[in-house]
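Trainee: Input: one structure, supplied below.
Every read-out reported here was derived from the displayed coordinates using simple, explicitly stated rules and does not represent laboratory data. Treat the numbers as computed from the prediction; the structure is a model and nothing was measured. So basically every Cβ, Gly included, is an ideal-geometry build from the backbone, and we count neighbours across all protein chains shown.
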Amino acid sequence: MKKQLLSHVFFLFFMWLAAALTNKSAAQISPPGLGASNTASWFAFGVRQSLDSSNKIQSFSYVGIGRISGPQSENPFKLQDIFVLNQEFYHKFHKHWQYSLAVSYRNQDEYGEGKSFNAISPAHKQEIRLYGRGMYELKMHNLKFVATYRQEFRSFFDPHFEPEDSRYQLRSRFRLQAALTLDEAKVHRLTASIEALLSTTQSTVPENHWSPFTYKETRLCFYYSIDPENSSFIYSIGYMNDLIGKEDIKSVSYIALDVIWENPFKAFKREVLKPIE
């Protein structure tokens, strides 16, 4: 276990060092955490629309589907797990700074624990999520570094929209992301990121109380993106490793694919530097 933790520390340090050198961001939609499965998969389709001629105010909408293997399989497409509908608005108000506000709906299937891993009753839970984030970006030639703080308020419901026992959660997320443009035409990009998540949850069982605010997981992502010339679509394929817990760490591997449609409704000039997802 100590060797595993040490390797994670070295990897995190490498990611931070890469980020510290970091221009153009990759445009990908990172997977949500899907719990303690062996493997998982994520596909998303998004639409990003400029809302002003200077491209400083943007709308970004996406729909996504996640599937999992479960604990007894390595097939990342085996079981349906989550459906996501997300709407976010960005405002870049400074050369280095921007913020965003968002609302998200999520419907996630519920499974039991252990070898059976069958669907339980109720078969799924629903989530309404509100969040905002602030982003600082630093550009150096064909490298870009972005540091992000994201604060979420999550509320959970059963299939009939009745509140669950653990009904509310406050979660803070801290991310460093580095993106490298590989060619002069800015068609090909590589992106790496590290994100740490901390949270506190309100539960009504056995009585109404909030849990301690503590670290929960770390997500490591690596993406390749292609932004073809004379095309309105950006394609990204990636890998995420979700490290859940602090001592008995559970490692979950994700494969991810997403497509983003840029400015389908207005002929605004596409900005060279797009916001990071």
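Trainee: Which order do the peptides 245-253, 145-153 take when ranked by the mean count of other beta-carbon atoms within 10 Å per residue, highest first?
Mentor: 145-153, 245-253
Trainee: Related question: In the stretch 194-269, which chymotrypsin sites (Phe, Trp or Tyr not before Pro) are in a loop and have at most 11 other Cβ atoms within 10 Å, using DSSP for the loop call?
Mentor: Counting only loop positions with at most 11 other Cβ atoms within 10 Å, the chymotrypsin sites (Phe, Trp or Tyr not before Pro) in the stretch 194-269 are 265.
Trainee: I would also like to ask the following. Report, in listed order, any pair from 56/95; 95/186; 56/186; 216/250; 78/216 with a Cα-Cα distance greater than 18 Å.
Mentor: Checking Cα-Cα distances, 95/186; 56/186; 78/216 exceed 18 Å.
Trainee: Something else about it: Once the piece of chain linking residue 59 and residue 160 is laid out straight, how much longer is it, given 0.36 nm per residue of separation minus the C-alpha distance between them?
Mentor: The residue 59-residue 160 span can extend by a further 33.3 nm.
Trainee: Provide the gained length on full extension for the span residue 147 to residue 75, in nm with one decimal, where the gain is 0.36 nm per separating residue minus the Cα-Cα distance.
Mentor: 22.6 nm
Trainee: If each of residue 246 and residue 93 carries a label point 7 Å out from its Cα toward its Cβ, how far apart are those two points in nm?
Mentor: Label at residue 246, label at residue 93, 3.5 nm between them.
Trainee: Taking the Cα-to-Cβ direction at residue 167 and at residue 138 and moving 7 Å from each Cα, how far apart do the two end points lie in nm?
Mentor: 4.4
Trainee: Put a dot 7 Å past each Cα toward the Cβ at residue 101 and residue 230; how far apart are the dots in nm?
Mentor: 4.1
Trainee: Taking Cα pairs under 8 Å and at least six residues apart, what relative contact order does the stretch 32-93 come out at, in percent?
Mentor: Across the stretch 32-93, relative contact order equals 36 percent.
Trainee: Got the relative contact order for the stretch 88-219 handy, in percent, Cα pairs under 8 Å and 6 or more residues apart? Walk me through the numbers before you get to the answer.
Mentor: On the way: 300 pairs, mean separation 21.1, N = 132.
Relative contact order here is 16 percent.
Trainee: Need the full-extension length gain, residue 259 to residue 187, defined as separation in residues times 0.36 nm minus the C-alpha distance. One decimal, nm.
Mentor: Full-extension gain reported as 24.5 nm.
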